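The values are calculated or read from the model by the stated rules, or taken from the named source; none is laboratory data. The structure displayed is predicted, hence computed values, not measured ones. Counting neighbours? That spans all protein chains shown, and the Cβs are built from the backbone with ideal geometry, glycine included. To get the accessible areas, we keep the full protein, side chains included, count just its heavy atoms, and leave off ligands, DNA and RNA. Shrake-Rupley method; radii C 1.70, N 1.55, O 1.52, S 1.80 Å.
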Amino acid sequence: MKSGPDISRIAALIGNPANANMLMALMAGPALTATELAQEAGVTPSTVSGHLAKLEKAGLVETARQGRHRYFRLADADVARGAIPDRAGLMRVRTGPRDPELRRARSCYDHLAGHLAVTMFDRFIDRRLLARNGDDLRLTAEGRRFFAGSGVDVGALAKGRRAPCRCCLDWSERKFHLGGTLGAAILDKIVEKGWAVREAKTRIVRFSPGGERKLQAWFSR
């Protein structure tokens, strides 16, 4: 018998309709809770934990904790490329707030969250201003130069007990945005420059049309 990876075990897991539905839902990108995945799988919340435990043990999914909540996501991009066929329009669960303004830009404690924040975070990673290893995040030398040139006091970021950079799982996007003292400093700069205002009672960060264009030009340049 030839030796090699035991794909029969993986195939059996994917062949289970409940597991297949959950993996397809996670292919859309956002991390989901066990309750949301139970809805996708068509099983009860009490049953879904057993399915998820098997998927996690097989290395197909992993967990991320955000406060009191536990979220599940695909273990890595290879799972989607090699184990699950590409498919569009998979997401049926709508995560986070219904208000489109809250979904686009809001405050998460003292830093920016929502679609704009996730887009900005991804761009920082692509440009190697931030380096990510799993959930660990650090500011690169290029990043220090970029943010210092944007008026951020980079030397002060590491003072105190908070991490300068932290992966923060976004409530609506279920992907990471930037937390930590750098995330807070960026939101302060956005408000200071007059690109947006924070609405304390709603948590909406309301950008002017020109302010949003300037923000996108800044993190994309």
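Table for the structure above
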{"read-out": "Charge dipole (debye, nearest 20) of the chain; +1 at Cβ of Lys and Arg, -1 at Cβ of Asp and Glu", "value": "440 debye"}
{"read-out": "The chain: calculated mean residue ellipticity at 222 nm from DSSP helix runs of at least 4, using -39500 (n - 2.57)", "value": "-12500 deg cm²/dmol"}
{"read-out": "Relative contact order, percent, the chain [alpha-carbon distance under 8 Å, six or more residues apart]", "value": "17 percent"}
{"read-out": "Most to least accessible of E142, E212, E192 (protein chains only, probe 1.4 Å)", "value": "E192, E142, E212"}
{"read-out": "Rotationally averaged projected area of the chain (alpha carbon convex hull; nm²)", "value": "14.9 nm²"}
{"read-out": "Unit charges at the beta carbon, dipole of the chain: most positive-side option, L139, P209, A53", "value": "P209"}
{"read-out": "Cβ-placed point charges (K, R +1; D, E -1), dipole of region 171-221 about Cα centre in debye, nearest 20", "value": "100 debye"}
{"read-out": "Mean-position separation - Cα centroids, region 1-70 and region 186-221, in angstrom", "value": "37 Å"}
{"read-out": "Reachable lysines, given that their alpha-carbon falls under 16 Å from the alpha-carbon of K193 and they are not under 8 places away in the same chain", "value": "K214"}
{"read-out": "Relative packing of peptides 30-41, 13-24, 148-159 - highest average C-beta neighbours within 10 Å first", "value": "30-41, 13-24, 148-159"}
{"read-out": "Percent accessible area from carbon and sulfur atoms, the chain, protein chains only, probe 1.4 Å", "value": "51 percent"}
{"read-out": "Hz values of 3J(HN,Hα) by residue in region 162-174 - Karplus curve (6.51, -1.76, 1.60), Gly and Pro given as x", "value": "7, 6, x, 10, 8, 6, 10, 6, 6, 4, 8, 7, 6"}
{"read-out": "Across K54/K159; K54/K175; K57/K201; K57/K175, pairs whose alpha-carbon gap is larger than 31 Å", "value": "K54/K159; K57/K201"}
{"read-out": "Solvent-accessible surface ranking, highest first, for S208, S46 at 1.4 angstrom", "value": "S46, S208"}
